[in-house]
Amino acid sequence: MQSKWAWRLSHFFQQLWVRVTLYAIGACVTAFAAFLLRTYVPEWIDQELGADAIESVLTILASSMLAVSTFSLGIMAAAIASAASSATPRAIQLLLEDKTSQKVIATFLGAFVFSLVGIVTLKMGMYGGAGRLLLFFVTLVVIALMFWNFIRWIDLLRVFGRFSDLLPRVEKATAEALEERLESPYLGCNPSIEPPPENATPIHAERPGYVLHMDLSAAQEAAEETGATVWIEVNPGSFAHRTKPLCYVACPNIEQERLKELTETLRGVFSVGDNRTFEQDPRFGLIVLCEIASRALSPAINDPGTAIDVLTRGARLLALWETRSEAEVNFPNIYLPPLDVGDMFEDFFRPIARDGAAMVEVQIWLQKILLGLARDDETTFGKAALRQSADALARAEAKLTLESEKQQIRALAAQIDEAARFVEAPTI
């Protein structure tokens, strides 16, 4: 996992205003570079290239980029609002972090700032003929970048914020988080199978919130210095509160003052925030997909097709579990709890089974996907699939009216029961 500062820095650069600011600074530097390099171009060019010609181009560029930037920000805001109302507010962070839209808007605003700086410096008479030539060539490059990003923006606007764009984004983000976790099931720590010893010291979060990141390298370094052993009780995405410890630490023969310092160091290992993120939290991705399906199954929308689409995407994501690697221990002084298959099945299937209980097509698809997962890997998915199948069948029995529809679902549930009855539920 990344260190705490590297993680914070990566999130800092994902913000739209940071990219826009960098483009604007680059535009200013480029404009003034033309002034600084003016002595390296022959002065006879002054007669060939007048200031008025460049000023006219920069004026057109400035006025058009201001309008295009305002229009683009309005379109982006409308798409995000539409996604929040039609899908789920938890998915809009993927739209806000979209690299293409950030690059496009940053390019438009950067071109606007570049044009303003160029016009001001021309009016101040800072350029000779050589400087105006360099400014002209840089302006051509800016125009080329503007047109290239404008084409990309038009192509993106066809789907930006729609279901056809949002669902693949959520699936991709969830798959990346799950694949990363499966490559290192315990994040380089020891498997936490047994509870910590009774004499271990609990460490609580300073305020309630979601665990967004854990700097395990810093925790290992602090544990090695003191000879301590750390039992982490949470995973990324877990909700931390003052009644549930973030971790326990045991260190024999340590002074009270040194233990207090170690406790503060380990508390700082955990980054706690107000909202969950997709990064390193595959359960959150499954929850967001499930929320989209639940919204589609609401009486106001009544779109079982979207719910079925979500079920198939969830099946693909859960099937990635088969790619998990053997646990490698890079932090021998730290123990971490596993990611449980049953919890992920409950996060994803239970709300869809509840909201689609009266829709036979949704119930059939749900049972078929559970059956496919159970048969694909009985050891991994058997017990979790059996539990969700039984719950979904009970809900369908209570909501469906036709006996023939109930018989279809019972037949599928019976096959799951046969495939998974005697299988023990595993963890990572």
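The values are calculated or read from the model by the stated rules, or taken from the named source; none is laboratory data. What you see is a predicted model; the values in this text were computed from it and never measured. All Cβ positions, glycine included, derive from the backbone under ideal geometry; neighbour counts span all protein chains shown. What goes into the accessible areas is simple: the full protein's heavy atoms, side chains included, and nothing from ligands, DNA or RNA. Shrake-Rupley method; radii C 1.70, N 1.55, O 1.52, S 1.80 Å.
With every protein chain present, what is the per residue accessible area of segment 89-221 (1.4 Å probe, Å²)? Intermediate values should be presented prior to the final figure.
Working: 5990 Å² over 133 residues.
Ligands and nucleic acids excluded, the figure is 45 Å² per residue.
Trypsin sites (Lys or Arg not before Pro) within segment 190-266: which are DSSP loop residues with at most 12 other Cβ atoms inside 10 Å?
Working: sites: Arg242, Arg258, Lys260; in loops: Arg242.
For trypsin sites (Lys or Arg not before Pro) across segment 190-266 that sit outside H, G, I, E and B with at most 12 neighbouring Cβ atoms in 10 Å, the list reads Arg242.
Counting protein heavy atoms only, the chain has 57 percent of its accessible area on carbon and sulfur, 1.4 angstrom probe. Among Leu336, Ser101, Ser404, whose Cα projects farthest towards the positive end of the dipole of the chain, with charges put on the beta-carbon of Lys, Arg (+1) and Asp, Glu (-1)? The listed residue farthest towards the positive side: Ser101. Sequence-ordered 3J(HN,Hα) estimates for segment 309-323 from the Karplus curve with 6.51, -1.76 and 1.60 and θ = phi - 60° stand at 4, 5, 4, 5, 5, x, 4, 5, 5, 5, 5, 5, 4, 5, 8 Hz, glycine and proline given as x. Val272 contributes an accessible area of around 40 Å² to the protein surface, as traced by a 1.4 Å probe with all chains present.
In sequence order, segment 355-364 has phi-based couplings of 6, x, 4, 8, 10, 5, 5, 5, 5, 5 Hz under the Karplus curve 6.51 cos²θ - 1.76 cosθ + 1.60, θ = phi - 60°, and Gly or Pro positions carry x. Looking at segment 304-378, the accessible area is 40 square angstrom per residue; that uses a 1.4 Å probe and ignores ligands, DNA and RNA.
For the set Arg8, Arg169, the ranking by accessible area, highest first and with no ligand, DNA or RNA atoms included, is Arg8, Arg169 under a 1.4 Å probe. Loop-located GluC sites (Glu not before Pro) across segment 125-208 with a Cβ neighbour count of 13 or fewer within 10 Å are Glu198, Glu206, with loop assigned by DSSP. In this structure Asp165 has an accessible area near 20 Å², from a 1.4 Å probe over the protein heavy atoms.
In debye, nearest 20, what is the charge dipole magnitude of segment 248-394 about its Cα centre with +1 on Lys and Arg Cβ and -1 on Asp and Glu Cβ, if you could check? Working shown, then result.
Details: 15 positive and 23 negative charges, 70 e Å.
For segment 248-394, the charge dipole is close to 340 debye.
So if I place +1 on the C-beta of Lys and Arg and -1 on the C-beta of Asp and Glu, and nothing else carries charge, what would the dipole magnitude of the chain be about its Cα centre? I want it in debye, nearest 20. Present the calculation step by step, with values, prior to reporting the outcome.
On the way: 38 positive and 51 negative charges, 258 e Å.
Once rounded to the nearest 20, the dipole reads 1240 debye.
If Trp365, Trp148 are ordered by their accessible area, calculated over protein heavy atoms with a 1.4 Å probe, which sequence runs from highest to lowest?
Sorted descending by solvent-accessible area, the residues read Trp148, Trp365.
Evaluating 6.51 cos²θ - 1.76 cosθ + 1.60 at θ = phi - 60° for every residue in segment 70-82, the Karplus couplings come out as 4, 5, 5, 5, x, 5, 5, 5, 5, 5, 5, 5, 5 Hz, glycine and proline recorded as x.
Relative contact order for segment 182-279: 40 percent, from Cα pairs under 8 Å spaced at least 6 residues apart, divided by residue count.
Between rounded, prolate and oblate, where does segment 162-211 land on the alpha carbon gyration tensor, with a ≥ b ≥ c its root eigenvalues, rounded for a/c under 1.5, else prolate if a/b exceeds b/c?
Values: a/c = 4.85, a/b = 1.94, b/c = 2.50.
The shape class here is oblate.
For segment 203-245, a crude dipole built from +1 on the beta carbon of Lys and Arg and -1 on the beta carbon of Asp and Glu, taken about the Cα centre, is about 360 debye to the nearest 20. Think of segment 244-334 as a dipole: +1 on every Lys or Arg Cβ, -1 on every Asp or Glu Cβ, centred on the Cα centre; then among Ala319, Ser298, Cys247, Ser298 lies furthest on the positive end.
Is the shape of segment 96-220 best called rounded, prolate or oblate, per the rule: a/c under 1.5 gives rounded, else a/b larger than b/c gives prolate, else oblate, with a ≥ b ≥ c the square roots of the Cα gyration tensor eigenvalues?
Values: a/c = 3.82, a/b = 2.23, b/c = 1.71.
Because a/c hits 1.5 or more and a/b exceeds b/c, segment 96-220 counts as prolate.
Please report the antiparallel percentage of the DSSP beta bridges confined to the chain, to the nearest 5. Beta bridges within the chain, antiparallel portion: roughly 75 percent. Of the trypsin sites (Lys or Arg not before Pro) found in segment 324-428, those that fall in a DSSP loop while having at most 16 other beta-carbon atoms within 10 Å are Arg421.
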